[in-house]
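Working notes for the structure below.
The values are calculated or read from the model by the stated rules, or taken from the named source; none is laboratory data. The shown structure was predicted, so the numbers you read here are calculated from the model rather than taken from an experiment. For neighbour counting, all protein chains shown are included, and Cβ atoms are generated from backbone atoms with ideal geometry for every residue, glycine included. SASA here: full protein model, heavy atoms, side chains in, ligands and nucleic acids out. Shrake-Rupley method; radii C 1.70, N 1.55, O 1.52, S 1.80 Å.
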Amino acid sequence: MNKTISPQLVAEVVEAFFGPVQVESYKSNRVGHINDTLEVRVSPTQEGYQHFIFQRINQEVFTKPVELMENIVGVTRFLGEKIQERGGNPNREALSVFQTQAGQFYYLDSEGAYWRVYLYIEDTICLQQVDTSEDLYQSGLAFGQFQNLLADYPAETLHETIPHFHDTWKRLEDFKRVLEADPLGRAKTCQAEIDFVLGHTEIARYMKEILDQKALPLRVTHNDTKLNNVLFDKETRQALCVVDLDTIMPGLSINDYGDTIRFGASSALEDEQDLSLVQLSLWLFSSYTRGFLEGVSGQLTPAEIAHLPFGAKAMTYECGMRFLADYLEGDHYFRIARPQHNLDRARTQFKLVADMEAKDAQMREIVAQYAEQA
Ligand code: GN1
Ligand code: MG
């Protein structure tokens, strides 16, 4: 959904949530690939708040926004209580979701789109790449603790917001369908990448085996554990709050672990065009592994621990395949900023998968080492 957002629409949505306040300023935030995000400042609301994140939910991706918001309200409340119990600040360490004047946690606007509003968490930063390995350790700790905090969340109450989200085998089947149709004739521009996907189907097959045989436990997981889905405290540089809760669903711990490795332990950005800069940094891999294992604090089974490196490889392969499928299909899913953006993204992912294959033994060694210490 790339429809522009007019000032009138912003005013309409602000009024729906906060009644007669003035919009002081707003700007768009383009970090995420899916929803439309605005940072909005208004004159003080009844409760005295002024600074918010407004998000227009991408309904092509999230087809059931009401159920999606039920998940988010449930999870943020649950996290808020736990954070309070341990003496933390729920307004900074968890997302606070606002209600409309009509008492709903979403607003259906005059153009047919759904909106939600979070409190803006001040004095935080969002990283696209780490500055030091400590940053990735912190993000590991945050996602590990997040999984830990949600360990006793009633999973049966969660709606599956995107069915088969990390079903790599299904993603492969989807990819093959798009390739077969090749609606824009783009396949000829990316034969090497297509060959990579088709030459590595054993990754998808193995994920299918894990899921079919229920070889690993289903847990309440985040499913989109990118470095930029954690806010860091500007002062202390500690990971403060996990955001982007749209894909919280029962899933595999190895995928939450793996998706951060995919993004955060790469030596380059997700859309780097110079592939010679892209590799898996074992140094960052170590820091994240240490943080994640510390964060989940002993909750993983030996089978989960043994599969962590596979989770990293599978999430990277799957994401690359999704980028490539979107490129072939005409870039409908992931927001792009340039032609071939999704192809560039797919290329970095496949470069990383190849590097992970080369570094498999070292990855296993590092995981085993930290698992023993944790
Ligand atoms: C999307 O929403 P965002 O930008 O945090 C995507 C993830 C991908 C990621 C790739 C709902 O995450 O699955 O891994 O892009 N989210 C959804 O950068 O598809
Ligand atoms: Mg995001």
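Of all residues in segment 79-107, those that are open to solvent by 50 Å² or more (accessible area, probe 1.4 Å) and either on the phi > 0 side of the Ramachandran plot or hydrophobic (A, V, I, L, M, F, W, C) (or both) total 2. The single condition among (1) open to solvent by 40 Å² or more (accessible area, probe 1.4 Å); (2) more than 16 Å from the chain's Cα centre (by Cα); (3) closer than 24 Å to PHE350 by Cβ that HIS164 does not satisfy is (2).
Being surrounded by 18 or more Cβ atoms within 10 Å (Cβ to Cβ) and not β-branched (Val, Ile, Thr) is a property that holds for LEU150. Scanning segment 1-34 for residues that are closer than 24 Å to THR247 by Cβ and out of contact with any strand residue (DSSP E or B) (no Cβ under 9 Å at 6 or more places or on another chain) yields HIS33, ILE34. Scanning segment 362-374 for residues that are in a helix (DSSP H, G or I) and open to solvent by 70 Å² or more (accessible area, probe 1.4 Å) yields GLN362, ARG364, GLU365, GLN369, GLU372, GLN373. Among the residues of segment 6-52, those identified as open to solvent by 40 Å² or more (accessible area, probe 1.4 Å), closer than 16 Å to TRP115 by Cβ and touching a Phe, Trp or Tyr at 6+ places or on another chain (Cβ under 9 Å) are PRO7, GLU12, TYR26. Within segment 316-331, can one find any residue that is in contact (Cβ under 8 Å) with a residue 12 or more places away in the chain, in a loop (DSSP other than H, G, I, E, B) and more than 25 Å from ALA215 (Cβ to Cβ)? Yes, that holds for at least one residue.
Within segment 313-337, being in contact with a Phe, Trp or Tyr (Cβ under 7 Å, 6 or more places away or on another chain) and more than 13 Å from ligand 1 (Cβ to nearest atom) holds for no residue. Among residues of segment 53-69 that are surrounded by fewer than 16 Cβ atoms within 10 Å (Cβ to Cβ) and among the polar types (S, T, N, Q), those with a beta-carbon under 9 Å from a residue that is at pLDDT 95 or above and assigned to a loop (DSSP other than H, G, I, E, B) at least six positions away or on a different chain give the pairs GLN59/GLY112; GLN59/ALA113; THR63/THR161; THR63/ILE162.
Yes/no matrix, rows are residues, columns are (1) in contact with a Gly (Cβ under 8 Å, 6 or more places away or on another chain); (2) more than 16 Å from ligand 2 (Cβ to nearest atom):
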| site | (1), (2) |
| --- | --- |
| LEU198 | no, yes |
| ALA204 | no, yes |
| MET207 | no, yes |
| THR225 | no, no |
| LYS234 | no, yes |
| ARG237 | no, yes |
| ILE254 | yes, yes |
| THR260 | yes, no |
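Got a number for residues in segment 123-147 being open to solvent by 50 Å² or more (accessible area, probe 1.4 Å), out of contact with any Lys or Arg (no Cβ under 8 Å at 6 or more places or on another chain) and not β-branched (Val, Ile, Thr)? So the answer is 5.
In segment 267-285, of all residues being buried (at least 18 other Cβ atoms within 10 Å of the Cβ) and not acidic (Asp, Glu), the one that is nearest to ARG335 (Cα to Cα) corresponds to ALA268. Could you list, in sequence order, the residues of segment 144-165 that are closer than 12 Å to ILE248 by Cα and touching a residue at least 40 places away in the same chain (Cβ under 8 Å)? If the condition is that a residue be closer than 12 Å to ILE248 by Cα and touching a residue at least 40 places away in the same chain (Cβ under 8 Å), then PHE146, GLN147, LEU150, TYR153, ALA155, THR157, LEU158, HIS159, GLU160, THR161, ILE162, PHE165 are the ones that fit.
Within segment 30-45, the presence of a residue that is outside any loop (DSSP other than H, G, I, E, B), farther than 24 Å from ILE125 by Cα and more than 16 Å from ligand 1 (Cβ to nearest atom) is excluded. Within segment 198-255, the set of residues being without any contact (Cβ under 8 Å) to a residue 40 or more places away in the chain and either away from ligand 1 (no atom under 16 Å from the Cβ) or in contact with a Leu (Cβ under 6 Å, 6 or more places away or on another chain) (or both) comprises LEU198, GLY199, THR201, GLU202, ARG205, GLU209, ASP212, GLN213, LYS214, THR236. No other residue among GLN101, GLN55 is in a loop (DSSP other than H, G, I, E, B) and farther than 18 Å from HIS222 by Cα apart from GLN101.
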